[in-house]
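Everything below concerns the one structure shown next.
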Amino acid sequence: MKKLNVLIALFFVSCSFAQEKEAVTVTEKSKFYFTYGLNAQVQDDLNINTKLEDAGLPTIKSFTPELFIGMTVFGKKYSGDLDFGFLNSKNEEGSNENRYIGFTTRLRVHYNVINKTKVAFTSGLNLSYSTGELIVYTKNNSIDLNDLNPINNVGNLSVKNSMFYVGPSASLYLFNDKSTKIRVNVGYEFAFTNGKWKSDYADVDNTVKEQGNNRFVFGLTIL
(Lines give C-alpha, C1' and ligand atoms only; values in the text may rest on other atoms or scores of the structure.)
Protein backbone atom coordinates (compact mmCIF):
# COMPACT_ATOMS: atom_id res chain seq x y z
CA MET A 1 0.00 0.00 0.00
CA LYS A 2 2.86 2.35 0.83
CA LYS A 3 4.46 1.61 -2.57
CA LEU A 4 1.15 2.42 -4.29
CA ASN A 5 0.91 5.74 -2.45
CA VAL A 6 4.46 6.57 -3.44
CA LEU A 7 3.73 5.75 -7.08
CA ILE A 8 0.59 7.89 -7.05
CA ALA A 9 2.49 10.79 -5.49
CA LEU A 10 5.25 10.50 -8.10
CA PHE A 11 2.64 10.44 -10.85
CA PHE A 12 1.05 13.70 -9.70
CA VAL A 13 4.44 15.36 -9.23
CA SER A 14 5.49 14.37 -12.75
CA CYS A 15 2.18 15.64 -14.20
CA SER A 16 2.57 18.93 -12.35
CA PHE A 17 6.14 19.33 -13.63
CA ALA A 18 5.04 18.59 -17.20
CA GLN A 19 2.29 21.22 -16.99
CA GLU A 20 4.70 23.84 -15.64
CA LYS A 21 7.20 23.05 -18.39
CA GLU A 22 4.46 23.37 -21.04
CA ALA A 23 3.33 26.72 -19.59
CA VAL A 24 6.88 28.05 -19.69
CA THR A 25 7.23 26.90 -23.31
CA VAL A 26 4.02 28.70 -24.31
CA THR A 27 5.05 31.87 -22.46
CA GLU A 28 8.42 31.99 -24.20
CA LYS A 29 6.91 31.79 -27.69
CA SER A 30 6.55 35.05 -29.62
CA LYS A 31 2.98 36.31 -29.98
CA PHE A 32 1.58 38.04 -33.04
CA TYR A 33 -1.26 40.61 -33.00
CA PHE A 34 -3.15 42.71 -35.52
CA THR A 35 -3.63 46.18 -34.03
CA TYR A 36 -5.55 49.41 -34.51
CA GLY A 37 -5.71 52.66 -32.61
CA LEU A 38 -5.26 56.40 -32.45
CA ASN A 39 -2.11 58.50 -32.33
CA ALA A 40 -1.72 62.19 -31.58
CA GLN A 41 1.16 64.03 -33.22
CA VAL A 42 2.29 67.27 -31.59
CA GLN A 43 4.50 68.96 -34.15
CA ASP A 44 6.99 71.77 -33.69
CA ASP A 45 5.84 74.89 -35.54
CA LEU A 46 6.28 74.21 -39.25
CA ASN A 47 8.33 76.63 -41.34
CA ILE A 48 5.63 76.86 -43.99
CA ASN A 49 3.33 78.38 -41.34
CA THR A 50 5.38 81.59 -41.51
CA LYS A 51 4.62 81.85 -45.23
CA LEU A 52 0.92 81.17 -44.59
CA GLU A 53 0.72 83.76 -41.80
CA ASP A 54 2.42 86.40 -43.96
CA ALA A 55 -0.22 85.79 -46.65
CA GLY A 56 -3.10 85.96 -44.14
CA LEU A 57 -3.89 82.28 -44.70
CA PRO A 58 -4.75 79.59 -42.13
CA THR A 59 -1.76 77.66 -40.77
CA ILE A 60 -1.31 73.92 -40.26
CA LYS A 61 -2.32 72.93 -36.74
CA SER A 62 0.47 71.62 -34.52
CA PHE A 63 -1.82 68.95 -32.99
CA THR A 64 -2.91 66.31 -35.48
CA PRO A 65 -4.84 63.07 -34.76
CA GLU A 66 -3.80 59.94 -36.65
CA LEU A 67 -5.82 56.74 -37.14
CA PHE A 68 -3.74 53.63 -37.77
CA ILE A 69 -3.76 49.88 -38.27
CA GLY A 70 -0.77 47.64 -37.82
CA MET A 71 0.79 44.52 -36.38
CA THR A 72 2.83 43.64 -33.31
CA VAL A 73 5.23 40.82 -32.51
CA PHE A 74 5.84 40.30 -28.79
CA GLY A 75 8.58 37.92 -27.64
CA LYS A 76 10.17 37.10 -24.31
CA LYS A 77 12.83 39.84 -24.45
CA TYR A 78 12.04 41.88 -27.55
CA SER A 79 8.98 43.28 -29.29
CA GLY A 80 8.28 45.18 -32.48
CA ASP A 81 5.45 47.09 -34.17
CA LEU A 82 4.64 48.20 -37.69
CA ASP A 83 1.88 50.82 -38.04
CA PHE A 84 0.25 52.47 -41.05
CA GLY A 85 -1.44 55.76 -40.15
CA PHE A 86 -3.72 58.30 -41.80
CA LEU A 87 -4.01 61.89 -40.59
CA ASN A 88 -6.34 64.68 -41.60
CA SER A 89 -6.65 68.20 -40.19
CA LYS A 90 -8.41 71.42 -41.19
CA ASN A 91 -8.01 75.08 -40.29
CA GLU A 92 -9.67 78.26 -41.53
CA GLU A 93 -8.98 81.98 -41.52
CA GLY A 94 -11.61 84.35 -42.89
CA SER A 95 -12.81 83.14 -46.28
CA ASN A 96 -9.86 80.75 -46.68
CA GLU A 97 -9.43 77.21 -45.44
CA ASN A 98 -6.71 74.60 -45.56
CA ARG A 99 -6.69 70.84 -45.39
CA TYR A 100 -3.63 68.77 -44.48
CA ILE A 101 -3.73 65.07 -45.38
CA GLY A 102 -0.89 62.73 -44.49
CA PHE A 103 0.22 59.12 -44.28
CA THR A 104 2.73 57.68 -41.83
CA THR A 105 4.56 54.37 -41.70
CA ARG A 106 6.09 53.75 -38.29
CA LEU A 107 8.40 50.95 -37.09
CA ARG A 108 9.21 50.33 -33.42
CA VAL A 109 11.90 47.99 -32.10
CA HIS A 110 11.77 47.61 -28.31
CA TYR A 111 13.43 45.74 -25.46
CA ASN A 112 10.95 44.30 -22.95
CA VAL A 113 12.09 45.93 -19.71
CA ILE A 114 9.17 44.40 -17.74
CA ASN A 115 7.32 41.34 -19.03
CA LYS A 116 4.74 40.17 -16.51
CA THR A 117 1.52 38.23 -16.89
CA LYS A 118 -0.76 41.29 -16.56
CA VAL A 119 1.50 44.17 -17.52
CA ALA A 120 4.56 44.85 -19.66
CA PHE A 121 6.79 47.85 -20.24
CA THR A 122 9.04 48.16 -23.28
CA SER A 123 11.43 50.79 -24.56
CA GLY A 124 13.47 51.33 -27.68
CA LEU A 125 13.50 53.16 -30.99
CA ASN A 126 10.94 54.68 -33.38
CA LEU A 127 11.60 55.01 -37.09
CA SER A 128 8.90 56.65 -39.20
CA TYR A 129 8.25 58.08 -42.64
CA SER A 130 5.54 60.69 -43.20
CA THR A 131 4.24 62.22 -46.39
CA GLY A 132 1.67 64.99 -46.44
CA GLU A 133 -0.22 67.28 -48.79
CA LEU A 134 -1.39 70.79 -47.92
CA ILE A 135 -4.33 72.18 -49.88
CA VAL A 136 -5.28 75.85 -49.38
CA TYR A 137 -8.49 77.12 -51.00
CA THR A 138 -11.13 79.81 -50.91
CA LYS A 139 -14.33 78.52 -49.32
CA ASN A 140 -16.68 80.30 -51.72
CA ASN A 141 -14.79 79.23 -54.83
CA SER A 142 -16.89 77.73 -57.65
CA ILE A 143 -16.19 75.52 -60.64
CA ASP A 144 -18.06 75.80 -63.95
CA LEU A 145 -18.26 72.38 -65.57
CA ASN A 146 -18.99 74.09 -68.87
CA ASP A 147 -15.62 75.81 -68.64
CA LEU A 148 -12.97 73.44 -67.33
CA ASN A 149 -9.99 75.38 -68.61
CA PRO A 150 -7.58 75.40 -65.62
CA ILE A 151 -6.72 79.05 -66.29
CA ASN A 152 -10.33 80.03 -65.57
CA ASN A 153 -10.65 77.84 -62.46
CA VAL A 154 -8.36 79.15 -59.75
CA GLY A 155 -8.69 79.64 -56.02
CA ASN A 156 -6.62 76.82 -54.55
CA LEU A 157 -3.05 75.63 -54.27
CA SER A 158 -1.53 72.29 -53.37
CA VAL A 159 1.97 71.51 -52.07
CA LYS A 160 3.44 68.42 -50.43
CA ASN A 161 6.47 67.21 -48.53
CA SER A 162 7.89 64.03 -47.01
CA MET A 163 10.02 63.43 -43.91
CA PHE A 164 11.95 60.67 -42.15
CA TYR A 165 11.95 60.67 -38.33
CA VAL A 166 13.84 58.70 -35.70
CA GLY A 167 13.79 58.84 -31.91
CA PRO A 168 13.24 57.08 -28.58
CA SER A 169 9.91 55.54 -27.60
CA ALA A 170 8.28 53.52 -24.84
CA SER A 171 5.15 51.35 -24.54
CA LEU A 172 3.04 50.20 -21.61
CA TYR A 173 0.91 47.08 -22.10
CA LEU A 174 -2.17 46.76 -19.88
CA PHE A 175 -4.48 43.74 -19.40
CA ASN A 176 -1.71 41.63 -20.89
CA ASP A 177 -3.40 38.41 -19.74
CA LYS A 178 -6.75 39.26 -21.39
CA SER A 179 -7.97 38.51 -24.91
CA THR A 180 -8.18 42.28 -25.59
CA LYS A 181 -5.08 44.21 -24.60
CA ILE A 182 -4.34 47.93 -24.48
CA ARG A 183 -1.00 49.53 -25.26
CA VAL A 184 -0.06 53.13 -24.49
CA ASN A 185 2.78 54.50 -26.64
CA VAL A 186 4.85 57.62 -26.22
CA GLY A 187 7.77 58.81 -28.31
CA TYR A 188 9.79 61.79 -29.48
CA GLU A 189 10.81 61.81 -33.14
CA PHE A 190 13.66 63.87 -34.60
CA ALA A 191 13.31 64.97 -38.24
CA PHE A 192 16.50 64.15 -40.14
CA THR A 193 15.53 64.93 -43.76
CA ASN A 194 14.92 68.40 -45.18
CA GLY A 195 11.23 67.95 -46.05
CA LYS A 196 11.22 70.54 -48.85
CA TRP A 197 7.76 71.61 -50.01
CA LYS A 198 7.08 70.94 -53.69
CA SER A 199 4.16 70.49 -56.08
CA ASP A 200 3.07 67.97 -58.69
CA TYR A 201 1.45 70.72 -60.72
CA ALA A 202 3.90 73.61 -60.74
CA ASP A 203 7.42 74.75 -59.97
CA VAL A 204 7.64 76.10 -56.40
CA ASP A 205 9.64 79.29 -55.99
CA ASN A 206 10.93 80.45 -52.58
CA THR A 207 10.15 77.08 -51.04
CA VAL A 208 10.96 76.23 -47.41
CA LYS A 209 12.37 73.13 -45.74
CA GLU A 210 11.08 71.47 -42.58
CA GLN A 211 14.36 70.00 -41.36
CA GLY A 212 14.59 70.22 -37.56
CA ASN A 213 10.83 70.31 -36.93
CA ASN A 214 10.53 67.46 -34.47
CA ARG A 215 7.38 66.01 -32.87
CA PHE A 216 5.94 64.19 -29.88
CA VAL A 217 3.80 61.13 -30.60
CA PHE A 218 1.24 59.74 -28.14
CA GLY A 219 -0.81 56.66 -28.97
CA LEU A 220 -3.47 54.24 -27.75
CA THR A 221 -3.45 50.79 -29.35
CA ILE A 222 -5.92 47.90 -29.16
CA LEU A 223 -4.38 44.43 -29.56
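The values are calculated or read from the model by the stated rules, or taken from the named source; none is laboratory data. Every value quoted in this text rests on a predicted model; they were computed, and no experiment measured them. Ideal geometry is used to build each Cβ from the backbone, glycine not excepted, and the neighbour counts take in all protein chains shown. Calculation scope for accessible area: heavy atoms of the full protein, side chains included, ligands and nucleic acids excluded. Shrake-Rupley method; radii C 1.70, N 1.55, O 1.52, S 1.80 Å.
In the set (1) open to solvent by 50 Å² or more (accessible area, probe 1.4 Å); (2) within 21 Å of residue 66 (Cα to Cα), the condition left unmet by residue 144 is number (2). If you go through segment 75-101 and keep only what is closer than 24 Å to residue 124 by Cβ and open to solvent by less than 60 Å² (accessible area, probe 1.4 Å), you end up with 75, 79, 80, 81, 82, 83, 85, 87. The numbered conditions (1) in a strand (DSSP E or B); (2) surrounded by 13 or more Cβ atoms within 10 Å (Cβ to Cβ); (3) aliphatic (A, V, I, L, M) are all true for residue 114 except (2).
Filter segment 35-56 for residues that are open to solvent by less than 70 Å² (accessible area, probe 1.4 Å), on the phi < 0 side of the Ramachandran plot and assigned to a loop (DSSP other than H, G, I, E, B) and give the result. Matches in segment 35-56: 44, 46, 47, 55.
Taking residue 167, is it assigned to a loop (DSSP other than H, G, I, E, B), touching an Asp or Glu at 6+ places or on another chain (Cβ under 8 Å) and surrounded by 12 or more Cβ atoms within 10 Å (Cβ to Cβ)? Can you show your working first?
Values: assigned to a loop (DSSP other than H, G, I, E, B): no; touching an Asp or Glu at 6+ places or on another chain (Cβ under 8 Å): yes; surrounded by 12 or more Cβ atoms within 10 Å (Cβ to Cβ): yes.
Taking the combined requirement at face value, the residue does not satisfy it.
Kindly check whether there is at least one residue in segment 177-199 that is more than 16 Å from the chain's Cα centre (by Cα), outside any strand (DSSP E or B), β-branched (Val, Ile, Thr) and over 29 Å from residue 90 (Cα atoms). Within segment 177-199, one or more residues are more than 16 Å from the chain's Cα centre (by Cα), outside any strand (DSSP E or B), β-branched (Val, Ile, Thr) and over 29 Å from residue 90 (Cα atoms).
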